[in-house]
1. Roughly what would the spin-label model give for Leu504 and Thr675, points 7 Å off Cα along C-beta, in nm?
2. Would you mind checking the pairs Lys70/Lys470; Lys290/Lys470; Lys433/Lys562; Lys81/Lys132; Lys283/Lys330 and listing those with alpha carbons more than 25 angstrom apart?
3. Given the Cα-Cα distance of Glu410 and Ala564 and 0.36 nm per residue of separation, how much length would full extension add, in nm?
4. Cβ under 11 Å from Lys598's Cβ, Lys598 left aside: what net charge do those residues give with Lys, Arg +1 and Asp, Glu -1?
5. Given R₀ = 22 Å, FRET efficiency for Ser301-Glu263 by Cβ-Cβ distance, to 0.05?
6. So how strong a dipole does segment 248-370 carry about its Cα centre when Lys and Arg Cβ are +1 and Asp and Glu Cβ are -1, to the nearest 20 debye?
7. Multiplying the sequence separation of Asp357 and Glu139 by 0.36 nm and subtracting their Cα-Cα distance, what value in nm do you get?
8. What spacing in nm lies between the two simple spin-label points modelled at Glu317 and Leu422, each 7 Å away from Cα in the Cβ direction?
Amino acid sequence: MFNTIVYDHFGGAYVFTQSSAPNSQTLSFSDITYARQFLRKLDIASAELEAMFPSLLDAPYSGPETFLDKLAHLLCQGRLKVAEYAAIERLKKAGSVTFRRGTGSPISILPAAAVASDGTAAAAKPTVSYQKAKAIIEELEMSDEQAQALVSELKIPAAAGQQASVVAAPPNAAPASVAPAKEQLAQAVADGQVVIEEQPRRPKASEKSSAEPANTAGTRRADKVAPEPAAAAVQQQAKEEEEPECKLTKLTVMCNHDGRKQEVTAATGTTLELDVVASETNKRGFEKIKATVDTSAPCGSHTQSSSSIFPAPEKTEKGSLENTYHLACKPIRNPFKVLWLHSIDPSRYNIKASSCDSFRPAAVNVNVFPKVSWSASVSYGLGSAESASGNPAKPYSFENKPAAFKGKVEYNYDEKKEDLALTYKREINQVLKKFDWVKNKLDYFLRKISDGKTPVQLEIAWPSFSLTYKAALEEDKAKPVVKSTHELAFAAAPLLGLKGTVDLFPIILKASKANPAAAPIVAILEAAMEGVGNDKSVASLQADISLKFSIGTAVNINFSAKGANGEDDKDVKSEQSLNLEFQLEGTVGAKGHIWVIKFEKSYKAGMKTGFVGKVVITRDEVGYYWYSRFLFNGLIVYFTKYEKLEKSVGENEDAADLFDDVPDDIENSSTTEWTWIEPDPDEEATDDTVTDPGTPQAQENNRHYLVRF
């Protein structure tokens, strides 16, 4: 529940609240990074935090899923407040006024806000009725002037006293003997605006010790209204006796990189944080933190090096002007636990200043992060499968190309580099082999096609993945924080691809045989495609005639993002596409050989078109949104000319002399394209994401938001 005291790793106490703590006492969080760091240093589990704030579980929020991130956002927005417990205690002392009963017992009157911020104290205060509060105030040694001054200091509304007279007094009662200011105080106590606390009796002069509480601001106000010469003299004497020898003015904690530091003064009001990056061993560089204490009047016991640190560091160098602490990070034994650098838990140290008179908190928390960075670039393709035949005169073939993995996963820690792809090569292969079952499911189908006689060619492109990941922990030169940067790119191109091709020419020939007029031509074409001669004969010649129609489809995924401190910037983008292609291609050519010369020549003409459907996920200043697009690839007509000549004479001297002027290898290919219909531009169109100022409906129609910030 709220108003529960929570401690951090250094023993500091804090109070969470939604409204009861005065704004002047609450901590301010203008940066989400600082808010997260503050919550992480608390010595409490995330489940306990959720149990403390059940009312926040249903609070409107769009962002990261963790409850810790939710609390951090609420702290920045001011919907959740936190104050140091010590600051609340100082408020209680500063805002309270002490008077005495006739019996001599001291009574403190203080604002309820100061007590309500302490959950335990607030729970212990019983409800006081107006009549009881009125009786206690009448019993106090308080003049009307003192009561009026107290009402003004506590800012009690003037109507409170008038309401008390109407509500509390009987209809026929005599006018109250107390002054209106005292009525206002009594009503404020009954309303819960002011709290009355009975303090232990002050010891006699002979029993006084250094533990006697100092005079508060409220008591000085009362003394000013009605001075008591004897009491004032005693207070002045005690003040002179308690005058500090030295007073703390500033604590400076600095690291040895780019002058990064934190300075704590009386106006700071909270414990500051300094993040650094260091090694776990002295050989590779501990972080050297210098702490300097400044006082107004240094005494013999306190100097510029009067600082302490908890827990004990690896090494401490004490000097006359400063202390130098050698700090180490937490060792990392399992690199995969720090794959996401934003989740690293640093080593925490608390540096405090010492002086005769010190403001609080006079401390800086130093968080030491490890030297870690990642650089990975890997790809894995499951291969491809092809079941094909040129025409019925050729046998079917089936080919299944194996999977392949390549790349590096470089892990840099403490200036040491390791390629985890090599270290864990056997484990990686075991995981990747599990993908083989996907391929085996379709092997039976492909082989079944191979048994047929239809000239169909079927190609399957199994998933092919590529991943690039870069991340590093870096000290922010402009801020006393450590930022984690990341760049991530993932592609599945394709996630799955399928292309089917059928040769229509043999089908046309078969259908033409039924026509007597076309039968002679069909016989000539079949003979030409059958060819004459073979590879072992002196010469051979075979015609290559086809009319192929193919349909191909592929699913591709591309994702890229980069950012800092676990949050993506505006460059994040995820694109999923479905490609559909159509192609019609006619081929006329011939190939063969003459003695030691092989030749091939062909002419191809065709047209191709297709469509692409896309779903894109990206972000703007509002949040993450998606939009879809449908693109036409246009209509393209092309013509290709191909020729190849290869000479292989071996040790045949006669052939070498005869074909001496013929080059050993010639291969030429040229393609000319004509675009009959222009394709749609492959870019984000204005119509897809345009938003007119002042028209949120237009934005909703074009940008479909998944998460809002």
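Values quoted throughout were computed directly from the atomic coordinates according to the rules given, and no laboratory measurement underlies them. Keep in mind it's a predicted model, so treat the numbers as computed, not measured. Here the Cβ is made from the backbone with ideal geometry for all residues, glycine too, and neighbour counts use every protein chain on show.
1. It works out to 2.6 nm between the two label points.
2. Check vs 25 Å cut-off fails for Lys70/Lys470; Lys290/Lys470; Lys433/Lys562; Lys81/Lys132.
3. Numbers: separation 154, 0.36 × 154 = 55.44 nm, distance 2.00 nm.
Taking Glu410 through Ala564 to full extension adds about 53.4 nm, to one decimal.
4. Working: positive: Lys591, Lys644, Lys647; negative: Asp535, Glu600, Glu646, Asp665.
It works out to a net charge of -1.
5. Working: r = 23 Å, r/R0 = 1.05.
Efficiency, from the Cβ-Cβ distance: 0.45.
6. 340 debye
7. On the way: separation 218, 0.36 × 218 = 78.48 nm, distance 3.75 nm.
Between Asp357 and Glu139, full extension yields an extra 74.7 nm.
8. With each label point 7 Å from Cα toward Cβ, the separation is 3.8 nm.
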